[in-house]
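Input: a single structure, listed below in structure tokens.
The values are calculated or read from the model by the stated rules, or taken from the named source; none is laboratory data. Owing to the predicted nature of the structure, the values given are computational and were not obtained by experimental measurement. Counting neighbours? That spans all protein chains shown, and the Cβs are built from the backbone with ideal geometry, glycine included.
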Amino acid sequence: MSRLTETQKKFVKVVHKLPFEQFSKSQYALDYFKSYLQKTHYEAYILDALVNEIECPNTFDVVDFGGGIGMLSLMLHIKGYSNIVMVDHNSEACNFAKNMFKHLHIDVLVLCGSQKEIPSNSSILIARDVVEHIYDFPNFLYREIEQGKLKEFVFGTSANPHNLLRKRYFKNIHKKAEEEYYGMRKSYFEKKGMSDEMALTKAKITKGLRFCDFENDLKINTTYSSNTCHPETGNWAERLEKISWYAQIIDDYKTWKFSVGLLNWNNRENALWKKIVFSIINWINAVLKSQTLAPYLIFTYRKNEKY
């Protein structure tokens, strides 16, 4: 991270002045916002970098998918985008975002739902820390591409399997989540009348599948054996996939291209020793541009068009 840009400074100033406790009584939404307050400079840096990846003019319609409490939509507004739609499945986060935008007199349409809520006239889809949770991401992407409206997708994620520290961190999340998910799958098969031995076997081989897909013999592509998802919702526990996996998804779409951006570690809002270490790593990464050093990735799928 270098010094904050004027855009990032504006974001930090707006966020720190928000009377956020007036926006929601939900502890989930309030804790979500407080996490931004703890590392506002770094959040501003990431959100600004995500928006900077967009090539379409800011007059185009943009959907902030999985927008949470609205921080990415706020950055989009600060960067000059006016036709913004935020979509998120969590009603508590959506209510917080609605009240925040109302307080700031920002015209952002907030829709509570999933992929089906993405407006058909959107040209850009942008998402922060969402791609690693989407159940069948290839089909998610294919559905939107084949509708022919969206011109580019920008996804930011910290689930970088090429970085050993990130990989270890997320594999621990998988392990903890799987303790619950495995039991849920086993219980499902026991209720089907299976023996304990058969239920155990089926619970193992259905790892990474939803209840509704158990009987379809689907084979969801997961490179890392630790990957696991909630069998009711399909929400992945921070799925780890190599960059090559994301790249090959659009091999059959010759008019589309894939690119990767690498971001730096937070060398501002941490203990002094971390600031020093991260500053050194960031300097090395600026020279090497290494996927193994980057803590955060930006995946971009873009249609080959000139605007």
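Structure data summary
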read-out: From the options Glu21, Glu6, Glu43, residue that is farther than 24 Å from Glu117 by Cβ, of a type in the set (D, E, K, R) and buried (at least 18 other Cβ atoms within 10 Å of the Cβ); value: Glu43
read-out: Condition met for Phe155 (surrounded by 17 or more Cβ atoms within 10 Å (Cβ to Cβ) and free of Cβ contacts under 8 Å to residues at least 60 places away in the same chain); value: no
read-out: From Lys149, Lys102, residue being more than 22 Å from Thr222 (Cβ to Cβ), surrounded by fewer than 17 Cβ atoms within 10 Å (Cβ to Cβ) and free of Cβ contacts under 8 Å to residues at least 12 places away in the same chain; value: Lys102
read-out: Residue that is surrounded by the most Cβ atoms within 10 Å (Cβ to Cβ), among those in segment 195-211 that are of a type outside the set (D, E, K, R) and within 24 Å of the chain's Cα centre (by Cα); value: Gly208
read-out: Residues that are farther than 17 Å from Ser226 by Cβ, in contact with a helix residue (DSSP H, G or I) (Cβ under 8 Å, 6 or more places away or on another chain) and assigned to a helix (DSSP H, G or I), drawn from segment 188-205; value: Tyr188, Phe189, Glu190, Asp196, Met198, Ala199, Leu200, Lys202
read-out: All positions within segment 210-220 that are at pLDDT 90 or above and either touching a helix residue (DSSP H, G or I) at 6+ places or on another chain (Cβ under 8 Å) or part of a helix (DSSP H, G or I) (or both); value: Phe211, Cys212, Asp213
read-out: Top-ranked residue in segment 260-307 [being of a type in the set (S, T, N, Q) and touching a helix residue (DSSP H, G or I) at 6+ places or on another chain (Cβ under 9 Å); ranked as surrounded by the most Cβ atoms within 10 Å (Cβ to Cβ)]; value: Asn264
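Condition check ((1) assigned to a loop (DSSP other than H, G, I, E, B); (2) of a type outside the set (Lys, Arg)) across all residues:
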site	(1), (2)
Tyr246	no, yes
Tyr253	yes, yes
Val260	no, yes
Asn267	yes, yes
Lys274	no, no
Arg302	no, no
Glu305	yes, yes
